[in-house]
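Participant: Can you read through this structure? Questions will come right after.
The values are calculated or read from the model by the stated rules, or taken from the named source; none is laboratory data. Because the structure is predicted, anything quoted here is derived from the model rather than measured. Heads up, the Cβs are rebuilt from the backbone with ideal geometry, glycines too, and the neighbour counts pull from every protein chain shown.
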Amino acid sequence: MVKKIVVILVVLSIIWFVGSQLISQARQVGVNQGYEPDQPIAFSHKVHAGDNQVACLYCHVGADKGRHAGIPSANICMNCHGQIKTDSPEIKKIKIALEQKKPIEWLKVHRLPDFAYFNHSQHVTAGVNCQECHGEVQSMTRMRQEKPLTMGWCIDCHRAKGIVSPSGHPDIKTKNPKEIMKAVGGLDCAKCHY
Amino acid sequence: MSEKKYWKGPEELHGDPSFIEKKKQEFPEELPVFYQKEDLKLSASRRDFLKILGFSFAGSALAACTRMPVEKAIPYLVKPEEVTPGVANWYASACGGCAASCGILAKTRDGRPIKVEGNPEASLFGGGLCAVGQAHILSLYDDERLKGPLWQGQSVSWEKIDQEIKAKLAGAGRVILLTQTLTSSATRALIDEWKKQNPSLKGQWQLDAVTYEPMSLSALREACEKHFGVRVVPHYRLEESDVVLGLNCDFLGTWLSPVEFASAYSKRRRVRENNKENFLKHIQIETSLSLTGSNADQRIPIKPSEEAAVALAVLNELMKLAGQSSLSALPHSINAADIQSIAQQLWKHRGRSLVISGSQQIETQSFVLAINSLLGNIGTTVDLDNPSQQNQGDDRAVEEALKDMESGRVAAVIFYGTNPVYSHPEPERWIAVLKKVWSISLSDRLDETASLATAVCPDHHALESWNDAEPVAHHVVFQQPVIRPLRESRQAQESFLKWMGYEGNYYQYLKEYARSRYFSQQSGFLSFDAFWDHSIQQGVFETSESARKNYSFQGSLSEVVEQAKSQKALWALGMEVSFYEKIGVRDGRGANNPWLQELPDPVSKVSWDNYACVSPAQAKKMGLGEGDVVRLKDIEIPVHIQPGQAAGAISVAVGYGRTHVGRAGNGVGVNVSRLRSVHGGVVMSAGSVSLEKAGRTVELACTQLHHSMEGRDIVREVSLVDLAKASHEDHGKKEKLITLWDEKDKEGHAWSMAVDLTNCIGCSACVIGCQAENNVPVVGKDEVRRQREMHWIRIDRYFNGPEDNPQTVYQPMMCQHCGNAPCETVCPVLATVHSSDGLNQQVYNRCVGTRYCANNCPYKVRRFNWFDYAHNDSFNYNMNSDLGNMVLNPDIVVRMRGVMEKCSLCVQRIQEGKLAAKREGGPLKDGDIKLACEQSCPSQAIVFGDLKDPKSRISKLNQDKRHYHVLEELNVQPIVGYFSKVSERSSGGHS
C-alpha cells in the first residue's frame, strides 16, 4: 500500500514537474529576453550614450515623432565620424557602405509581433525614459534585449503607472494617471491590437 | 411608408422555394465534412495513444526551445529629410483611374503609396473619390506591368528602341497618334509642337492626333457643334439645378465625372442641413436600371429605340408651354400625363433645370440641347464656355484614321492609352491594319493591341508621373509622382519628347508650360518657383471661369425629326440592346484590378462577371432564368434578371472578356464590343441583336440574396412632403427598453456614426476605401459564389414596388458596434470584447474561429477567414506577390486563416487622431478623425464623431427625428445609426 502511494506520488510529482516546466517554457515562446546578437558593425552604446553622453534622440530621430524609433541612417553616423576616429576599421565599414551604396544590415534586437501596435512617440512625449523598456543601454557594449516585451509586462507597467495625458478627452479633468487610465480605457484590447 | 414591401430580388418577391430554403439557413451551405463509416471505428490501441501522447509532448517541448528567426533592420544610408519611418507623408496629385482627373491625396509610408483619397482643395470634386480612383493604387503594384521596352517582342534598352523609332519616324510620312482623352493641357501643347516639327520635311512628316474612347460622347459633341457652333462637351452644373432629367445617362455612377456629379447632387439633396426648400428633384428615363436611375425620385424605363421619341415628346410639350408650334411626334410608350408633368416641372424651373443624356444617337442629343435651349439652361446649368475635357473621344475621326490606315495612306500608328483591338466594335480591321502598318504601343502591359505592335514603350503609372490636368476649363489639377518608377517604364510624354529630339525631360517641359500658361494667370505669387511649389503642394490651381453666355440654337429641328424617323435599321435585328459600364470595371482599362473585379455592382450585386440584364417580364415570356446562358449573335453570355430593366430590351456591360490584361482580369466575362454597331461614324451605345437560348446555365457570383433581413423595417423612407409636416413620425424609438446588462459608462469618448440614406447613392466608393485601408483580401469568383466575400462594409440594396420598375434604397452595412453586443456574449475565448469608448473590438490573436459570433450577429457583418488568403496560391491576387504586398497598410495586421474579422470603425485612424492630439497637447476636434468610408464618400453621407462633445456634428444629428437604429427592437444599442431616406417619390413604386 505504501509502495503504491509512493509510486503514485512519484508519478504525480514527475507529471507536475514536467508539466510546469512545459508551461513555463511554452510561455516563453517568442520571448527573446537576453537576445544579444553580433552586429555587422561593433557599435557600442556604452561609448556613445554612456561615455560621451550623446542624447538618444540625436540618433533615434523617429522616437518622438512616430511609431518607430528607428536605427540611424549612415549619414547620421558620419555627422561626427566624418571627423572622429576615421581610421577605425568599424567606422570604415560605414564609409564603405556609403561609397558602395550598400545599406548596413543590422540585426533587429527588440521585436514585437505584427499583431501588436506600439508607438514610440506617445511614450517618449509622456516622459518615459528609454531605459525603462530598453534597460541600461548606456552601459551596454553590445545591444541586448533586457526586458521580456510581453503583453503582461506592458500591462504590469501601465497598471503601476497609469497614463499621464488625457489629451483629446474633453471630459476627463483628473490629473491622476491611474484614474486617467481607467477613464480612457487604457487596457482595452484595441489600444494595441488591430 | 411602413406598408411598403421591400425585397432584395425577384426570388424573395415571389417567395421562390429555394430562396425560402436559403433564408432559413444561417450559413449558406453545409460544411463539407468528409468521413467514411469505417473511419469511425476506433482502431487505436493503448500503445498508439501513448505514442501520440509522447510525440506531441516532445514536439511541444521542442517547439518551446526554438528562437524566433533572425530579422534584419535595414535603415536608409542617407535618410531623405521628409521621411520618418512609420510616419505617413501625404502628397497632392491627380487621379489616373479615368479621364475625370479628380484631385487626390496620396498617402505614402516609407516611400510607397498605400492609399489615395480625394483632395478637398479641388473644389470641383468635393473631397471624395470613387471606387475606381481608390482602387487605382493597386494597379501601380500590378506585377503584370511590363518590365521595360520591347522591340518586336524582344526586350531591349531604351537607347536602342529610341534609335530605332527615331530612324523609322524621320520622314516616315503620315503618322497617326491614337490617344486616350488628354485632360493634360501640357501634353496637348507638346503634341501640337510635335505636329509642327520638321517643316522642312513637308509631305514626309505629318502627325495626326486622334482621340479614341470606347465609350465616347461623340454624338453630344457633334450636336453641340451643329446647334451652337462649339465642338465641346458642356460642363453640367448640377449644383445650380432644381430639376434634373437624365435620359440614359449614368452621371452618378460612370458618366463623364461621377465624383463631381455625386458631390453636387448630394449637396442639393442634403436634408440634414435644412435643405428642404430647394431639394433637387431627379427624374430618370432609361433602359437599364443604372445607379443614377435607382436614386431618382421618378424613373421611367424605355427601350433605347424610344429615346429620341421621348426627348422629342418632352420638347413638344415644352414648346406648347412656350407658345410655340410643336413638331410632328414620334411613337413612344410613356403616357402623355407623365410627359406633361415632366415638362411642367422643367418649365417651372426654367434656367434652373437640366436635361442630360449620354446617348450616342445624335437626334436624341439634338432634342436634348433644344430642350435645354428652350428652357434657358444654356449659359446657366449647361456651361459651354467652360467646357469639360473629360471625354474627348471622336468616333468619326477614328473611323477616318482607320480607313486611311486600311488604304495604306498611313506609315505608322502610335497607341497612347488606347486598346482598339480589344474595345473597338470591329477588332478584325485593327488586327489587319496592324499587320501592315508599323506601330508603337505605350501600354503598360502587353495588352490586346500592344501584343500586335512592333514596339512597346511602357508608360508610367499615374502615381509615377508628372503632369497637369484640366478636367474642366480653369480648374487645373497637378499630378506629381509619389514613388520612384517601379519598372523600367517611361512616361509617354517623355517618350514623345525623346522622339522629337527635345533636350530635357517632361518635368522641365511641364514647368516651362506652367510658367508660360498658368503663372501669368495669377497675381498671388511674384516668383514662379514659389508659385510652382505652392501649386504642386496644393495639387490644384483654379482661376476665375469665363463668363457663361447664352448661345442661340441653330439648325432646323424638323430635319432632325425626319432623321430620327429614318433610324429604323438600327433596331431591326430583333432584341434591342444597350451597352453600359459597370461601376467597378468601367470600360475595361482596369480589368486586372482584383478589387474592382470583386466589387459587387450596386444594382445587380453581381461581381466577377458581365451578363445580359433582362427584365422579369421578358424573362418570363422567353422562359429564361437567372444564370441561363443566351447567345447574342455569336457571343454567349449569362442572363441576370434585373428588376427595372425596360421590357423588350436587354443591357450588357462593356469592359469584360479581356484576354491580355493579366491573371486577375483575363477571361472574366465576355467581350461584347463586337455587338456594337457603327452608325453614321458613331459607335452606338445601343442597338439590336439576335437572341437565342444556349441551353445551359451558369452560376453568377451574386451577393444579392445573402444576409436576408427577413422583411423588417431595416430601411425607412419619408417623403419630402411628410417630412415638412409637424406631425411627421419620429423614426427613432426613443423609449427605453429593458435590458439584462448593466449600463456601461463611457468616461472618455463615445464614438458614434450616422449614415444618411438620403445621400447614400450606393456608389460603393466606401467599399473600396475600406478594402484599401483595412487590408481586406480578395477571394475570387468561386468563393464569392459561396458567399465568402470579405468586404467589411457592404451596400445592401432593397427594392420596393412593382418588379418592372421598382424603387431602390441603398444601405451601407458594416459592424454596428452594438452596446449590448450579441457577439461578445457568445465568444468562448473573449476574442471580441467591448472598449470603454464604445467600440466592439475584434482581437485576432485571441480568436480561435468558433464562428459563434457570426452566428449570433443580427446584422451579419462578420467575415470569417476561410483561407490564408495572403499565402495561398489559389488566391493569386495582390496579397500573394511581393509587389502587390506593397499596397498593404502597415498599421493593420493581415489576418490569418481561421479567425473572424469585421469593421473596426477604423480603430487605427481613431488611435492616430487621438495620438496626434496628445502629441500636440490639444483637445481632439470634431472632424479630426475621419474613417475610411466617411472620407471616401463623394456624397458625404457618413458622419463620424464623439457623442461626448455636445458641439460635434454627430451629437446634433443623433437628436434628429429621422435618426434610427437598424433592428432597434433587439435593443442591442448600436452606435451606428441611419437617417431615413427622404425623396420626392410617391409611395408604392414608380409611376
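Participant: Could you list all residues from the range A:68-102 that are small (Gly, Ala, Ser) and either within 11 Å of another protein chain (Cβ to nearest Cβ) or farther than 12 Å from A:ILE41 by Cα (or both)?
Facilitator: A:ALA69, A:GLY70, A:SER73, A:ALA74, A:GLY82, A:ALA97
Participant: Moving to a separate point now. Would you be able to tell me the number of residues in the range B:563-573 that are surrounded by 13 or more Cβ atoms within 10 Å (Cβ to Cβ) and either touching a strand residue (DSSP E or B) at 6+ places or on another chain (Cβ under 9 Å) or free of Cβ contacts under 8 Å to residues at least 24 places away in the same chain (or both)?
Facilitator: Residues meeting the conditions: 4.
Participant: Which condition breaks for B:GLN206 when tested against (1) in contact with a strand residue (DSSP E or B) (Cβ under 6 Å, 6 or more places away or on another chain); (2) under 30 Å from B:PHE579 (Cα atoms); (3) not acidic (Asp, Glu); (4) not in a loop (DSSP other than H, G, I, E, B)?
Facilitator: (2)
Participant: Could I ask something else about it? Sort out which residues of the range B:820-831 are in contact (Cβ under 8 Å) with a residue 40 or more places away in the chain and either over 20 Å from B:HIS965 (Cβ atoms) or away from chain A (no Cβ under 14 Å) (or both), and write them in order of number.
Facilitator: Those that are in contact (Cβ under 8 Å) with a residue 40 or more places away in the chain and either over 20 Å from B:HIS965 (Cβ atoms) or away from chain A (no Cβ under 14 Å) (or both): B:ASN820, B:PRO822, B:ALA831.
Participant: Let me ask something additional. Looking at (1) touching a strand residue (DSSP E or B) at 6+ places or on another chain (Cβ under 9 Å); (2) of a type outside the set (Ser, Thr, Tyr); (3) within 14 Å of chain A (Cβ to nearest Cβ), which one does B:GLY977 not meet, given that it meets all the others?
Facilitator: All conditions pass for B:GLY977, except number (3).
Participant: Look through A:LYS175, A:LYS182 and report the one residue that is at the interface with chain B (Cβ under 9 Å from one of its Cβ atoms), of a type in the set (Lys, Arg) and surrounded by fewer than 19 Cβ atoms within 10 Å (Cβ to Cβ).
Facilitator: Answer to the check: A:LYS182.
Participant: When you go through (1) modelled with pLDDT under 80; (2) over 30 Å from B:ILE641 (Cα atoms); (3) in contact with a helix residue (DSSP H, G or I) (Cβ under 6 Å, 6 or more places away or on another chain) one by one for B:GLU12, which number turns out not to apply?
Facilitator: Result: B:GLU12 fails condition (2) only.
Participant: Run down B:ARG445, B:ARG429, B:ARG409 and say which single residue is closer than 20 Å to B:GLY590 by Cα and either in a helix (DSSP H, G or I) or in contact (Cβ under 8 Å) with a residue 24 or more places away in the chain (or both).
Facilitator: B:ARG445
Participant: Let me ask another. If you go through the range B:461-511 one residue at a time, how many are among the aromatic types (Phe, Trp, Tyr), at pLDDT 95 or above and either in a loop (DSSP other than H, G, I, E, B) or surrounded by fewer than 20 Cβ atoms within 10 Å (Cβ to Cβ) (or both)?
Facilitator: 2
Participant: Return the pairs, sorted by first residue and then second, in which the second residue is polar (S, T, N, Q), the first residue lies in the range A:26-41 and is more than 7 Å from chain B (Cβ to nearest Cβ), the beta carbons are less than 8 Å apart, and the residues are 6+ apart or on different chains.
Facilitator: Hits for this filter: A:VAL31/A:THR150; A:GLN33/A:GLN145; A:GLY34/A:GLN145; A:TYR35/A:GLN145; A:GLU36/A:GLN145.
Participant: Considering the range B:843-861 alone, what residues qualify as being within 14 Å of another protein chain (Cβ to nearest Cβ) and of a type in the set (A, V, I, L, M)?
Facilitator: B:VAL843
Participant: Here is a list of conditions, (1) in a loop (DSSP other than H, G, I, E, B); (2) within 20 Å of B:ALA311 (Cβ to Cβ), and B:ARG589 meets all of them except one; can you say which number that is?
Facilitator: With (1) in a loop (DSSP other than H, G, I, E, B); (2) within 20 Å of B:ALA311 (Cβ to Cβ) applied to B:ARG589, the lone miss is (2).
Participant: What number goes with the only condition from (1) more than 12 Å from chain B (Cβ to nearest Cβ); (2) in contact (Cβ under 8 Å) with a residue 24 or more places away in the chain; (3) under 21 Å from B:PRO85 (Cα atoms) that A:HIS45 does not pass?
Facilitator: Among (1) more than 12 Å from chain B (Cβ to nearest Cβ); (2) in contact (Cβ under 8 Å) with a residue 24 or more places away in the chain; (3) under 21 Å from B:PRO85 (Cα atoms), A:HIS45 violates only (3).
Participant: Follow-up question, since we're still on this one. Of the conditions (1) modelled with pLDDT of 95 or more; (2) in a loop (DSSP other than H, G, I, E, B); (3) of a type in the set (A, V, I, L, M), B:ALA647 clears all except one; give me its number.
Facilitator: Failed condition: (1).
Participant: In this structure, does A:GLY70 turn out to be within 25 Å of A:GLN145 (Cα to Cα) and assigned to a helix (DSSP H, G or I)?
Facilitator: Criteria not met by A:GLY70.
Participant: Identify, from the list A:CYS157, A:CYS130, the residue that is more than 14 Å from chain B (Cβ to nearest Cβ), closer than 20 Å to B:PRO85 by Cα, surrounded by 14 or more Cβ atoms within 10 Å (Cβ to Cβ) and hydrophobic (A, V, I, L, M, F, W, C).
Facilitator: A:CYS130
Participant: Could I ask something else about it? Which of the numbered conditions does B:SER288 fail, given that it passes all the others? Conditions: (1) closer than 23 Å to B:GLU363 by Cβ; (2) among the small types (Gly, Ala, Ser); (3) assigned to a helix (DSSP H, G or I).
Facilitator: Unmet for B:SER288, out of (1) closer than 23 Å to B:GLU363 by Cβ; (2) among the small types (Gly, Ala, Ser); (3) assigned to a helix (DSSP H, G or I): (3).
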